[in-house]
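> Here's a structure for you.
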Amino acid sequence: MAIKTGLIGKPLKRSLSPRLFNIFSGLLDEKFSYTLKEVGPPGLGKAIEEIKKSGWRGFNVTLPLKERVSPFLAKAHKDAEGIGAVNAVLIRDGALEGFNTDAKALEYSLKEVKAGVRGVTCVIWGAGGAAKAAAWTLAARGAGEIRIYNRSYAKARALASYFSKQFPRVRFKAGNFFSPVPAKAAVFINATPLGMYKPLPPALKVPDLKTGLYCDFAYAPGGTPFLKDRPGKTITGLDLLIYQALASAALWSGRRLSAGEIVKLKNKARDACLDI
């Protein structure tokens, strides 16, 4: 019998998740039924009740619900609680448990490209769920300074303050999208949808880190403008998407995957998505 899962959020029309879980059905010897359920904040409670009645094992959460699903959880696991955002839910005996597999995805990706962040300066564009996962992961891995730049300076400042309390040894600073990027920055992460649906605004410039790491949570056919012609190491939105989906699949199926298995499965899934 197929494991019933899906994705909630809005909009979902460009989601690659159903395709990925179809691929995982072959790679993991587990059949997944993955449904897209487009819903915004006003309909969240009703949607969750419908999901529970339909026998889903769990579901992924995307914009704009990652920070709004917490009140419906019976339990938030350590990563989701610390990050303050949930992107994967396990339904166990009718109760919802929240996880954050975005953080796992970034952790796996950093290990794969052999990018150490201990003591370095990192810059993150965004202040939503993906930005929270990125900031938490970098801080947990010992980053020296994390700058959070967002369209709304107030949101960036609030997020910097939130994580400063969890990680007092890490320097957190806030700014807007046009704030200067320090020359010492070694990691630059785009945790916004910028570049996913249309080109980056002309006024928004991505700095040249020379030998640094660029990471983009957005993905688009042919790649994103954020990563185009970047020197140094890169982590693509497709890599992150596959890694977080694999972590979700393992959660719902109860499978324990070694680090080596996860990388091999990610590469096989990526090969099956070469047209993206």
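Bear in mind that the values in this text are calculations on the coordinates, not laboratory data. Every value quoted in this text rests on a predicted model; they were computed, and no experiment measured them. Ideal geometry is used to build each Cβ from the backbone, glycine not excepted, and the neighbour counts take in all protein chains shown.
> May I ask you to list the aspartates and glutamates whose Cα is less than 13 Å away from that of K111, ignoring any residue fewer than eight positions away on the same chain?
In chain and number order, the partners are D239.
> Oh, and also: Averaging the inverse of every distinct alpha carbon separation and then flipping it gives the Kirkwood radius. What is it for the chain, in angstrom units?
19.0 Å
> Arrange the following residues from fewest to most other Cβ atoms within 10 Å of their Cβ: T234, T5, T192, T211.
The most exposed by this proxy come first: T211, T234, T192, T5.
> T35's amide H: which non-local residues (gap 5+, or another chain) put their own amide H closer than 5 Å, with H modeled 1.01 Å from N in plane and none for Pro or chain starts?
Correct list: T5, G6, L7.
> Dipole of region 104-235, Cα-centred, from +1 at each Lys and Arg C-beta and -1 at each Asp and Glu C-beta, to the nearest 20 debye?
In total the dipole reaches around 340 debye.
> Moving on. Multiply the residue gap between K114 and N176 by 0.36 nm, knock off their C-alpha separation, and tell me the result in nm, one decimal place.
Taking K114 through N176 to full extension adds about 19.4 nm, to one decimal.
> Distance between the C-alpha centers of region 125-141 and region 74-120? Whole Å please.
Spelled out, the Cα-based centre of one part sits 10 Å from the other.
> While we're on this one: For region 73-124, go through all pairs of different Cα atoms, get the mean of 1/r, take its inverse, and jot down that Kirkwood value in Å.
It is 12.6 Å.
> Same structure again: Can you give me the convex hull volume of the Cα atoms of region 104-235, divided per residue and expressed in Å³?
99 Å³
> Quick one: M196, M1, fewest Cβ neighbours within 10 Å first, how do they rank?
M1, M196
> Follow-up question, since we're still on this one. I'm checking a number: the convex hull volume of the Cα atoms of region 163-244, normalised per residue, in Å³. What is it?
Cα convex hull per residue, to the nearest whole number: 124 Å³.
> Could the peptides 32-38, 51-57, 143-149 be put in order, highest first, of the mean number of other beta-carbon atoms found within 10 Å of their residues?
The packing order, highest mean first, is 143-149, 32-38, 51-57.
> Turning to a different aspect of this structure: Which order results if W252, W125 are arranged by neighbouring Cβ count within 10 Å, fewest first?
Result, fewest neighbours first: W252, W125.
> Can you list the HN-Hα couplings for region 141-148, worked out from phi with the Karplus curve (6.51, -1.76, 1.60; θ = phi - 60°), rounded to whole Hz and with x for Gly and Pro?
Rounded to whole hertz, the list is 8, x, 4, x, 9, 10, 9, 10.
> Could you pull out the pairs from K13/K173; K46/K104; K75/K228; K53/K198; K37/K132; K198/K268 whose alpha carbons sit more than 32 Å apart here?
K13/K173; K75/K228; K53/K198
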